[in-house]
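As structure tokens, the structure follows; a few thoughts come after it.
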Amino acid sequence: MIPNIEFAVSKAVNEFCHISVLYREFMPAELATGMLDNKTYESRNSRLQHEELRLQLQKLRPFPSDLEWYEFATGLMKRSPLGGLEALSTKSGIVDLFQDIRQRRDFGFEEIWRDTRPGLEAYKEKFESEWSPIGDQVLTRLSSLAKRPWTTDRIRVHFIDCLYGGFGWNDCIGFAPFPDIEVQKKFLAHELSELITPRRSLVEALREAKLNLGIAHTVVDLLAYFSVRDFLAKPVFPNVEKKGIKPNPNYYPAVEGLYLMFERYAENPAIYQDFQGLVQDIVATLTEVSIIQ
């Protein structure tokens, strides 16, 4: 089964993320120092921060963990345009607060949305037309490399103006639009890889071998890269491959030690019967590199 990818631009989702960025000190730490840490957006819209809302969020502390933030954000993605917010969270406090914010007009988002919506809608249309011819092939290849079938019939992908990067959780993806469509294709492949890559067994094997657990993120990106690489526009000499497509060794640990192994794997996925076989080879390869060094 290949899931259908549905692209969307939602005012509610963008408004929730807008609040999360402007008041990120009250959001889960992993998100506050990651995709919500958009200092340019925060600085540009600092005038819209309200002490009243800050005090409400400080008192409520609505999201004790990143899991609960993702649940609320993806609940907004799955909500029908005319649907209410009541079923989005067991924590009625954040639902009530978000309802109140949306009903009021003095928090400034209406002006932002009027300016950003046309660009997001145009970007969505352009990206969807570029992704449509290659999407099923990327999803099929990613499933083959991750040694795992897709278990959902659709994946919702939302474009969100204010994020610094993006996220993939369950059957939803939210990310900022990149100016370069080819880089955005790789970005989407990465978030899709986040959804399907079996991380648990990989992390356990890395921990047992006393290797950097961040290598799990490297594996996600390598699987994404080799699932989409052949479907991207090839660089024309003398131009080099665009930054943001090939896994960056300054960001992903052990890329140099794993790249050739994954390149061989991409050429012949049948060399491993299951994901555990791939994991064992990852550990063996990195252990050998470590011994040589």
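The values are calculated or read from the model by the stated rules, or taken from the named source; none is laboratory data. As the structure is a computational prediction, the values presented were derived from the model and not from experiment. Heads up, the Cβs are rebuilt from the backbone with ideal geometry, glycines too, and the neighbour counts pull from every protein chain shown.
SER10: among the small types (Gly, Ala, Ser) and surrounded by 18 or more Cβ atoms within 10 Å (Cβ to Cβ), yes or no?
Values: among the small types (Gly, Ala, Ser): yes; surrounded by 18 or more Cβ atoms within 10 Å (Cβ to Cβ): yes.
For SER10, the condition - among the small types (Gly, Ala, Ser) and surrounded by 18 or more Cβ atoms within 10 Å (Cβ to Cβ) - is met.
Flag set for VAL95, criterion: of a type in the set (A, V, I, L, M), assigned to a helix (DSSP H, G or I) and either at pLDDT below 95 or not assigned by TED's automatic domain parsing to the domain that holds SER20 (or both).
Cβ-Cβ distance below 9 Å, separation of 6 or more or different chains: which pairs start in region 112-132 with a residue that is under 19 Å from ILE173 (Cα atoms) and end on one that is surrounded by 12 or more Cβ atoms within 10 Å (Cβ to Cβ) and of a type in the set (S, T, N, Q)? Filtered contacts from region 112-132: ARG117/ASN14; LEU120/ASN14; TYR123/GLN184; PHE127/GLN184; GLU130/GLN184; TRP131/GLN184.
In region 25-45, the residues that are within 13 Å of PHE167 (Cα to Cα) and in contact (Cβ under 8 Å) with a residue 24 or more places away in the chain form Cβ pairs under 7 Å with partners that are of a type in the set (A, V, I, L, M, F, W, C) and in a helix (DSSP H, G or I), at six or more places apart or across chains, as follows: LEU31/TRP69; LEU36/VAL21.
MET1 meets each of the listed conditions (1) outside any helix (DSSP H, G or I); (2) farther than 30 Å from LEU142 by Cα apart from (2).
So which of LEU222, LEU206, LEU258 ends up being touching a Ser or Thr at 6+ places or on another chain (Cβ under 7 Å) and crowded, with 19+ Cβ neighbours inside 10 Å? Every option except LEU258 fails the conditions. Counting only helices (runs of 4 or more DSSP H) that fall entirely inside region 177-293 and contain at least 2 residues that are polar (S, T, N, Q) and in contact (Cβ under 8 Å) with a residue 12 or more places away in the chain, the qualifying elements are 181-196, 215-228, 275-292. Restricted to region 42-51, and to residues there that are in contact with a Leu (Cβ under 8 Å, 6 or more places away or on another chain) and part of a helix (DSSP H, G or I), the residue that is surrounded by the fewest Cβ atoms within 10 Å (Cβ to Cβ) is SER46. Looking across region 52-79, just one residue is crowded, with 17+ Cβ neighbours inside 10 Å, in contact with a helix residue (DSSP H, G or I) (Cβ under 7 Å, 6 or more places away or on another chain) and polar (S, T, N, Q), and that is GLN56.
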